[in-house]
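S.K.: Submitted below is the structure of interest, expressed as structure tokens.
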């Protein structure tokens with residue numbers, strides 16, 4: 001194939017001919033990269049001479065068309081609200097099984113509602129690998145269309161009886177500072193397996209767990225639910241044989257969901273498949289109960305759920321529906337000044353040609369799976385609505401390139417589904433993004449995501465009144481230290497200790513943090529907010545608490561419609577949730593909070609920060625009355 005033919009074919013399939021370099025130049029991607037990306041997009045190069053059969057053409061952006069607008073609650077036209085963000089697994093309680101669960105979420109919604117919060121923001125609750133529980137990153141799920149059964153509150157399932165032996169195990173699991181995923185999974189799955197045979201015979205029948213509702217759930221879930229449950233059974237079986245939990249290491253006969261070997265396995269394990277459907281139903285029922293409880297607690301948004309940008313390359317989703325996923329490249333990011341080699345996130349993404357195709361497109365099904373429970377969703381890496389950086393298998397990120405996605409159609413789907421479920425949409429778009437993308441997202445009423453430490457320019461921290469209205473403002477996320485940790489430079493020290501950043505660059509970062517501390521103090525003073533007298537890098541715990549209260553008042557005074565208060569800030573956590581760039585050297589996604597759910601109100605910062613939020617963002621009773629009750633659709 002001649003170079004001009006390759007270039008033409010690449011453009012027709014949305015491959016962008018250049019990528020950024022660490023020194024902020026645009027560099028051309030190679031012909032080899034283009035061929036690999038075309039192969040990953042499932043383009044038959046041998047048939048490329050026929051322009052009609054070579055694949056789906058990516059149309060250029062139509063700037064003259066009206067951008068569809070996502071749902072925005074009417075009550076937000078007259079008020080600004082706040083909520084609490086947390087990782088569900090990190091919750092400690094006197095009754096849970098060593099991991100936060102849906103019953104803890106119910107308790108948390110009652111507490112947050114009583115404090116004046118209008119939403120609870122949660123980490124992705126997508127289905128993980130039950131056969132390999134330590135693969136616990138919520139951002140590398142097995143499937144985004146199903147829930148995590150490890151969050152089931154087993155003690156709330158009809159028929160459960162606590163034995164003395166189990167009670168001893170649970171007490172030990174509760175005492176650990178890290179979630180022991182493997183032990184939690186073993187205990188929960190065994191207890192649920194014990195309940196399964198006699199569940200239908202429970203008398204009297206609990207209306208919340210009626211067998212007829214389970215039958216309807218299975219019927220509505222169709223082949224998608226059945227295949228996920230089948231994958232779970234196979235995964236557990238293969239892991240037991242030493243073949244691994246992910247399908248890419250299984251024997252060839254089992255790597256395709258439609259093979260004869262898989263069909264035979266399913267015939268021999270029908271009850272097991274039904275059991276895993278039941279787990280999904282239990283998770284669904286308890287999630288629905290938490291969503292309903294949030295609204296009853298007075299929250300006008302309720303649950304706010306996070307959506308991962310992709311899925312594990314070897315999980316349930318790519319095994320069940322390989323035809324809609326890119327199979328020869330993974331999602332990542334190009335080289336930049338902070339990651340000079342680029343990044344490969346090892347996540348599977350939807351094919352651009354399939355993501356929005358059909359009446360029930362993969363994208364529609366994925367966002368609906370979250371919106372059915374939520375009053376708000378956050379799209380992780382919202383630039384994926386326009387483009388994704390793909391790294392071909394066997395290549396480094398330097399050998400990757402950007403591929404366009406059908407932004408207009410995806411925004412249309414978001415608008416339709418958000419209106420149907422009365423669910424607002426937030427888009428996290430940080431780092432290297434197209435310059436005009438924020439304007440497009442704002443026009444589509446997709447709220448931007450504003451983190452305090454990112455809102456700086458050459459003059460220092462931006463003043464509160466410069467924040468956009470259509471936004472969620474926060475101080476930090478799961479990828480950051482708490483504000484107190486940031487102030488001490490703990491995040492910089494972590495990157496040095498884990499070998500992410502060399503010592504010489506660490507010193508530069510520490511010097512820069514000194515300037516940032518000075519700048520933040522100036523910004524808080526300019527906003528009329530009090531600060532403790534001694535506030536340097538070695539400030540006392542009480543001084544840092546005062547700083548935290550003032551910083552939350554600062555972002556509460558922005559015009560941004562939503563503000564998220566991170567629970568880890570309120571419980572004064574020392575250990576970060578996740579250190580990006582680490583794997584085995586830090587227990588990411590495992591640290592629990594240091595405060596029991598039952599003792600939450602004894603934490604000084606819980607009282608002081610939530611009081612500040614109520615003062616800065618008081619609830620409007622009239623707006624609450626106008627809102628009415630938000631529907632929760634059961635599908």
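S.K.: Report yes if some residue within segment 190-199 is touching a residue at least 12 places away in the same chain (Cβ under 8 Å), assigned to a loop (DSSP other than H, G, I, E, B) and within 25 Å of the chain's Cα centre (by Cα); otherwise report no. If you could, list the steps in order and put the result at the bottom.
M.R.: Step one: of segment 190-199, the residues touching a residue at least 12 places away in the same chain (Cβ under 8 Å) are 191-193, 195-196, 198-199.
Among the residues that remain, those that are also assigned to a loop (DSSP other than H, G, I, E, B) are: 196, 198.
So of that shortlist, the ones also within 25 Å of the chain's Cα centre (by Cα) come out as none.
Taking every residue of segment 190-199 in turn, none turns out to be touching a residue at least 12 places away in the same chain (Cβ under 8 Å), assigned to a loop (DSSP other than H, G, I, E, B) and within 25 Å of the chain's Cα centre (by Cα).
S.K.: Here is a further query. Whether any residue in segment 526-542 is in contact with a strand residue (DSSP E or B) (Cβ under 7 Å, 6 or more places away or on another chain) and modelled with pLDDT of 95 or more is what I want to check.
M.R.: Residues of segment 526-542 in contact with a strand residue (DSSP E or B) (Cβ under 7 Å, 6 or more places away or on another chain): none.
No - not one qualifying residue is present in segment 526-542.
S.K.: Quick check on residue 593: is it under 22 Å from residue 618 (Cβ atoms) and surrounded by 21 or more Cβ atoms within 10 Å (Cβ to Cβ)?
M.R.: Details: under 22 Å from residue 618 (Cβ atoms): no; surrounded by 21 or more Cβ atoms within 10 Å (Cβ to Cβ): yes.
So residue 593 fails the test.
S.K.: Further question: Identify all residues within segment 146-171 that are without any contact (Cβ under 8 Å) to a residue 40 or more places away in the chain, part of a helix (DSSP H, G or I) and in contact with a helix residue (DSSP H, G or I) (Cβ under 9 Å, 6 or more places away or on another chain); write none if there are none.
M.R.: 166, 169 - these are the residues of segment 146-171 that are without any contact (Cβ under 8 Å) to a residue 40 or more places away in the chain, part of a helix (DSSP H, G or I) and in contact with a helix residue (DSSP H, G or I) (Cβ under 9 Å, 6 or more places away or on another chain).
S.K.: Which one of 517, 553 is within 14 Å of residue 462 (Cα to Cα), at pLDDT 95 or above and assigned to a helix (DSSP H, G or I)?
M.R.: 517
S.K.: Take residue 542 and tell me if it is under 19 Å from residue 608 (Cα atoms), in a helix (DSSP H, G or I), more than 30 Å from the chain's Cα centre (by Cα) and free of Cβ contacts under 8 Å to residues at least 12 places away in the same chain.
M.R.: Details: under 19 Å from residue 608 (Cα atoms): yes; in a helix (DSSP H, G or I): yes; more than 30 Å from the chain's Cα centre (by Cα): yes; free of Cβ contacts under 8 Å to residues at least 12 places away in the same chain: yes.
Spelling it out, residue 542 is indeed under 19 Å from residue 608 (Cα atoms), in a helix (DSSP H, G or I), more than 30 Å from the chain's Cα centre (by Cα) and free of Cβ contacts under 8 Å to residues at least 12 places away in the same chain.
S.K.: Looking at segment 573-590, which of its residues are within 27 Å of residue 462 (Cα to Cα) and buried (at least 20 other Cβ atoms within 10 Å of the Cβ)?
M.R.: 573, 576, 577, 578, 579, listed by residue number.
S.K.: State which residue is surrounded by the most Cβ atoms within 10 Å (Cβ to Cβ) when the search covers only segment 520-534 and only residues that are within 16 Å of residue 460 (Cβ to Cβ) and touching a helix residue (DSSP H, G or I) at 6+ places or on another chain (Cβ under 8 Å).
M.R.: For segment 520-534, the residue satisfying everything is 520.
S.K.: Tell me, please, whether a residue that is buried (at least 21 other Cβ atoms within 10 Å of the Cβ), modelled with pLDDT of 95 or more, over 22 Å from residue 242 (Cα atoms) and in contact with a strand residue (DSSP E or B) (Cβ under 6 Å, 6 or more places away or on another chain) can be found in segment 126-140.
M.R.: Within segment 126-140, one or more residues are buried (at least 21 other Cβ atoms within 10 Å of the Cβ), modelled with pLDDT of 95 or more, over 22 Å from residue 242 (Cα atoms) and in contact with a strand residue (DSSP E or B) (Cβ under 6 Å, 6 or more places away or on another chain).
S.K.: How many residues, within segment 74-92, are over 21 Å from the mean Cα position of the chain (by Cα), assigned to a loop (DSSP other than H, G, I, E, B) and crowded, with 20+ Cβ neighbours inside 10 Å?
M.R.: 1
S.K.: Then there's this: Do you know which of the residues in segment 368-385 that are farther than 14 Å from residue 291 by Cα and out of contact with any strand residue (DSSP E or B) (no Cβ under 7 Å at 6 or more places or on another chain) is surrounded by the fewest Cβ atoms within 10 Å (Cβ to Cβ)? Step through it out loud before you land on a result.
M.R.: If we filter segment 368-385 for residues that are farther than 14 Å from residue 291 by Cα, which is where we start, we get 368, 378-385.
Those left that are additionally out of contact with any strand residue (DSSP E or B) (no Cβ under 7 Å at 6 or more places or on another chain): 368, 381, 383-385.
Working: 368: 19, 381: 23, 383: 25, 384: 21, 385: 26.
Looking at the filtered set, the residue picked out is 368.
S.K.: Could you say which residue among 426, 475 is over 30 Å from residue 541 (Cβ atoms), buried (at least 16 other Cβ atoms within 10 Å of the Cβ) and touching a strand residue (DSSP E or B) at 6+ places or on another chain (Cβ under 8 Å)? Don't jump to the end; show me each part of the working.
M.R.: Values: 475 fails: over 30 Å from residue 541 (Cβ atoms).
Of the residues listed, the single one that is over 30 Å from residue 541 (Cβ atoms), buried (at least 16 other Cβ atoms within 10 Å of the Cβ) and touching a strand residue (DSSP E or B) at 6+ places or on another chain (Cβ under 8 Å) is 426.
S.K.: Another question about this same structure. Checking the structure you have, find out if any residue of segment 307-329 is out of contact with any helix residue (DSSP H, G or I) (no Cβ under 9 Å at 6 or more places or on another chain) and over 30 Å from residue 107 (Cβ atoms).
M.R.: So far as segment 307-329 goes, yes, one or more of its residues are out of contact with any helix residue (DSSP H, G or I) (no Cβ under 9 Å at 6 or more places or on another chain) and over 30 Å from residue 107 (Cβ atoms).
The values are calculated or read from the model by the stated rules, or taken from the named source; none is laboratory data. Everything numeric in this text was worked out from a predicted model, so none of it was measured. With ideal geometry, Cβ positions are generated from the backbone for all residues, glycine too; neighbour counts draw on all protein chains shown.
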